[in-house]
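Values quoted throughout were computed directly from the atomic coordinates according to the rules given, and no laboratory measurement underlies them. Just so it is clear, the model here is predicted, and its values are computed rather than measured. Glycine gets a Cβ as well: all are built from the backbone with ideal geometry, and neighbour counts include every protein chain shown.
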Amino acid sequence: MLKRLNQYDDRNVISSFMPAKKQVTINDRGINRLALAITFVLHLLVLIIYFPSKKIEVTVEPVLYRVPVRMEINKIKPKKVFKKRSVNVVKKKNLAAKKNVAKMVKKDEGKPTSLPGDRDLPKVATSFSPVYPKAALNNNWTGKVALLVSVDRAGMPVKVEVLKSSGHEVLDDNFRKTVLNFYKFKPRRIMGEDVPGKIKLYYVYD
């Protein structure tokens, strides 16, 4: 008996210290509130799905900036247009030029350019061998002298120039004086008329 009592007392003591289980009871009013809340949430989900939120449109106004622009006007020169000449015109001009040349040739053919007896240069008519100077003989001087003789219309020597010296002035002067004093010439003749001219003369002292 004592053992049973002790066991019973132990159970009571333990049960006194253990918390008691709460029993939740829902009445009709709570069920109605819960149903309302569930239906509200469902309706809200349907609205969100079938009626999406409005799109937000953002309009940006364009900003205008003033940029300085420098304009230059360049004059364009018109291109020269060369007209192509027809072949007939060119041929006509060539024929006209040939005819003019032919006429000029015929005119020149009518006038003689020279006559018998004409001379391009004066010719020696009379000559004289120079006397060997004594100084040249004593010193045994030799050489070749070249002279340029100017002849007038009458065939007389007017001027005598030494073109090439013999190397000795005595010999050069001797031949120059001989030509001036003793030589005679046939003057230059053009179209039958005597005109002044020049001739070259050579003499060798040896």
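Rounded, prolate or oblate: which one fits the range 123-205, using the alpha carbon gyration tensor with axes a ≥ b ≥ c (rounded when a/c is under 1.5, else prolate when a/b beats b/c, else oblate)? Walk me through the numbers on the way to the answer.
Working: a/c = 3.27, a/b = 2.49, b/c = 1.31.
The shape class here is prolate.
Would you tally the net charge around Lys177, using a Cβ to Cβ cut-off of less than 14 Å, leaving Lys177 out, and scoring K and R as +1, D and E as -1? Don't jump to the answer; show the numbers that get you there.
Values: positive: Lys159, Arg176; negative: Glu161, Glu169, Asp172, Asp173.
With Lys, Arg at +1 and Asp, Glu at -1, the net is -2.
Arranged by the count of other C-beta atoms within 10 angstrom, fewest first, what order do Ser166, Ser129, Ser150 take? Display every interim value, and only then the final one.
Values: Ser166 21, Ser129 9, Ser150 15.
Ascending Cβ contact count within 10 Å gives the list Ser129, Ser150, Ser166.
List the pairs from Lys134/Lys164; Lys159/Lys200; Lys134/Lys159; Lys144/Lys186; Lys164/Lys186 whose alpha-carbon separation is above 20 Å, in the order I gave them.
From Lys134/Lys164; Lys159/Lys200; Lys134/Lys159; Lys144/Lys186; Lys164/Lys186, over 20 Å: Lys134/Lys164; Lys134/Lys159; Lys144/Lys186; Lys164/Lys186.
Taking other Cβ within 10 Å of each residue's Cβ, how do Lys77, Lys186 sort, fewest first? Kindly include the intermediate steps, with their values, before the conclusion.
Working: Lys77 6, Lys186 16.
Going from least to most buried by this count: Lys77, Lys186.
Using modelled amide H (1.01 Å from N, peptide plane; none on Pro or chain starts), what sits under 5 Å from the amide H of Arg119, excluding residues fewer than 5 places away?
Residues meeting the amide H criterion: Arg189, Ile190.
What ranking do Val179, Val195 get, fewest neighbouring Cβ atoms within 10 angstrom at the top?
On the way: Val179 20, Val195 14.
Placing the least packed residue first, the sequence is Val195, Val179.
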